[in-house]
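Asks: One structure, as structure tokens, below. Some questions next.
The values are calculated or read from the model by the stated rules, or taken from the named source; none is laboratory data. All of these numbers come straight from a predicted model, not from anything done at the bench. With ideal geometry, Cβ positions are generated from the backbone for all residues, glycine too; neighbour counts draw on all protein chains shown. For the accessible areas, the whole protein counts, side chains as well, though only heavy atoms, and no ligand, DNA or RNA atoms are used. Shrake-Rupley method; radii C 1.70, N 1.55, O 1.52, S 1.80 Å.
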Amino acid sequence: SIVEHAPLSSEFMKNTAGNQEAVTTASMSMSDLPYYFKKMNQMKKKYASDLLIHIGFEVDYLIGYEDFTRDFLNEYGPQTDDGVLSLHFLEGQGGFRSIDFTAEDYNEGIVQFYGGFEQAQLVYLAGVKQSIEADLGAFKPRRIGHISLCQKFQHFFGADGRDFSGEVMAEFEAILALVKKRGYELDFNTAGLFKPLCKETYPPKEIVTLARALEIPFVYGSDSHGVADIGRGYNAYC
């Protein structure tokens, strides 16, 4: 699957704050879409005898901008084979802030805004729940991406996924219950293993165990942002 980050709403981008590189590099632009589909379909045909290539998007769940996302999916969803729905931005200091750009930016823009790392975790997980329940139309992705991305900088804050508070664990359990209820699947994302302040999969083993008990399907994802990342962690964890 090639699931490039879908374009962000221009209105949303006006309401972001912090390091603007976190926003400007977060997705393709609307003007990229024709070339993206053209190039991906060329690859699909070129390698058809060797590979089954799926084309789609990693769609950002933008809180408060659901109409934009629904309209985008209604227009472009028919051209896709696959998709992931992920949360990367939360309302924070000065506007919407990225949760996964740098530890310092996350700390300044979100953790301090909400009063601590645990509080930021809870806000993120509430957003993930909201994304699962959101009405984004017939082409809404059924795979929920990296549900523990709020742990990306956990060691910066002296925490790790083996020490979730009872309240945080309850939120993860609520997410899993919603995923099961909706018949969705989860992204088993190995990118966190290669992030020096995370060092574990998204989600971590503890949450994977709970999900497997509920028979929630997982789909491996390397979350590749370059050729060297493709397939990383697969042999060791899948």
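Asks: Among the residues in the stretch 202-215, are any more than 17 Å from the chain's Cα centre (by Cα) and in a loop (DSSP other than H, G, I, E, B)?
Replies: Yes, some residue in the stretch 202-215 is more than 17 Å from the chain's Cα centre (by Cα) and in a loop (DSSP other than H, G, I, E, B).
Asks: What residue, of D135, D105, D100, is closer than 23 Å to H225 by Cα, open to solvent by 30 Å² or more (accessible area, probe 1.4 Å) and either of a type in the set (D, E, K, R) or outside any loop (DSSP other than H, G, I, E, B) (or both)?
Replies: D100
Asks: I need the full set of residues from the stretch 18-30 which are crowded, with 18+ Cβ neighbours inside 10 Å and touching a residue at least 60 places away in the same chain (Cβ under 8 Å), in order please.
Replies: Hits for the stretch 18-30 are G18, A22, V23, A26.
Asks: Would you point out the residue of the stretch 146-167, among those that are assigned to a helix (DSSP H, G or I) and open to solvent by less than 40 Å² (accessible area, probe 1.4 Å), that is modelled with the lowest pLDDT?
Replies: G161
Asks: Still on this structure: Which condition does A170 not pass, out of (1) more than 17 Å from the chain's Cα centre (by Cα); (2) assigned to a helix (DSSP H, G or I); (3) within 25 Å of G233 (Cα to Cα), if it passes all the others?
Replies: The one condition A170 does not meet is (3).
Asks: Additional query: So which residues in the stretch 126-137 are within 18 Å of V3 (Cβ to Cβ) and among the small types (G, A, S)?
Replies: Within the stretch 126-137, S131, G137 meet the criteria.
Asks: May I ask you to verify whether A126 is under 30 Å from I53 (Cβ atoms), in contact with a helix residue (DSSP H, G or I) (Cβ under 9 Å, 6 or more places away or on another chain), outside any strand (DSSP E or B) and open to solvent by 30 Å² or more (accessible area, probe 1.4 Å)?
Replies: no
Asks: Another question, then. Out of L62, L51, report the one residue that is within 24 Å of L125 (Cα to Cα) and not in a helix (DSSP H, G or I).
Replies: The conditions single out L62.
Asks: Inside the stretch 109-119, can you point out the residues that are crowded, with 18+ Cβ neighbours inside 10 Å and out of contact with any strand residue (DSSP E or B) (no Cβ under 8 Å at 6 or more places or on another chain)?
Replies: V111, F117 - these are the residues of the stretch 109-119 that are crowded, with 18+ Cβ neighbours inside 10 Å and out of contact with any strand residue (DSSP E or B) (no Cβ under 8 Å at 6 or more places or on another chain).
Asks: What pairs come out if I take residues in the stretch 158-179 that are basic (K, R) and pair them with residues that are open to solvent by 30 Å² or more (accessible area, probe 1.4 Å) whose C-beta lies under 9 Å away, six or more apart or interchain?
Replies: Note: pairs meeting the criteria are R162/K205; R162/E206.
Asks: Under the condition of being part of a helix (DSSP H, G or I) and in contact with a Phe, Trp or Tyr (Cβ under 9 Å, 6 or more places away or on another chain), which residue from the stretch 216-238 is most open to solvent (accessible area, probe 1.4 Å)?
Replies: My answer is Y237.
Asks: For the stretch 65-94, what are the residues that are open to solvent by less than 60 Å² (accessible area, probe 1.4 Å) and free of Cβ contacts under 8 Å to residues at least 40 places away in the same chain?
Replies: Of everything in the stretch 65-94, just one residue is open to solvent by less than 60 Å² (accessible area, probe 1.4 Å) and free of Cβ contacts under 8 Å to residues at least 40 places away in the same chain, namely L90.
Asks: From (1) part of a helix (DSSP H, G or I); (2) touching a strand residue (DSSP E or B) at 6+ places or on another chain (Cβ under 6 Å); (3) over 20 Å from G127 (Cα atoms), pick out the condition that doesn't hold for G56.
Replies: G56 satisfies every listed condition except (1).
Asks: Do we find a residue being open to solvent by 30 Å² or more (accessible area, probe 1.4 Å) and within 20 Å of the chain's Cα centre (by Cα) anywhere in the stretch 31-38?
Replies: Looking through the stretch 31-38, none of the residues is open to solvent by 30 Å² or more (accessible area, probe 1.4 Å) and within 20 Å of the chain's Cα centre (by Cα).
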